[in-house]
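Bear in mind these aren't lab numbers, they're just calculated from the coordinates by the rules spelled out. The model shown is predicted, which means the values in this text are computed figures rather than measured ones. Every residue, glycine as well, gets a Cβ built from its backbone with ideal geometry; the counts of neighbours run over all protein chains shown.
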Amino acid sequence: MTVTFPLTEKRNADELLKHLIQHNLSYPGNCAVSVKAQVALVTSSHTFALSTARTAW
C-alpha cells in the first residue's frame with residue numbers, strides 16, 4: 001500500500017520519519033519513503049499502521 005503525506009516547512013521529511021516511528025513504521029525496516037518537493041510517498045505492507053499514521057499526520 002502506498003500513501004501520500006503532504007510536506008510543509010514545519011512538517012518536513014525529518015518530522016515524517018519521526019511520525020512514522022511513532023506508528024511502528026521504520027525506514028528502511030518495514031517501509032519505503034520517497035520524498036518529492038511537496039509530498040512524500042510511503043509504501044508498506046503494514047496497511048493498518050500506515051493508514052493510522054496518515055490519518056494522524
Item to check | Residues that are assigned to a helix (DSSP H, G or I) and over 10 Å from the mean Cα position of the chain (by Cα), drawn from region 16-31 | outcome: Q22
Checklist entry - Which residues, taken from region 32-53, are surrounded by 12 or more Cβ atoms within 10 Å (Cβ to Cβ), more than 9 Å from the chain's Cα centre (by Cα) and assigned to a helix (DSSP H, G or I)? => result A49, S51, T52
Next on the checklist: Please go through region 26-44 and give me each residue that is within 13 Å of M1 (Cα to Cα) and in contact with a helix residue (DSSP H, G or I) (Cβ under 9 Å, 6 or more places away or on another chain), ordered by number.
Outcome noted: N30, C31, V33, V42, T43, S44
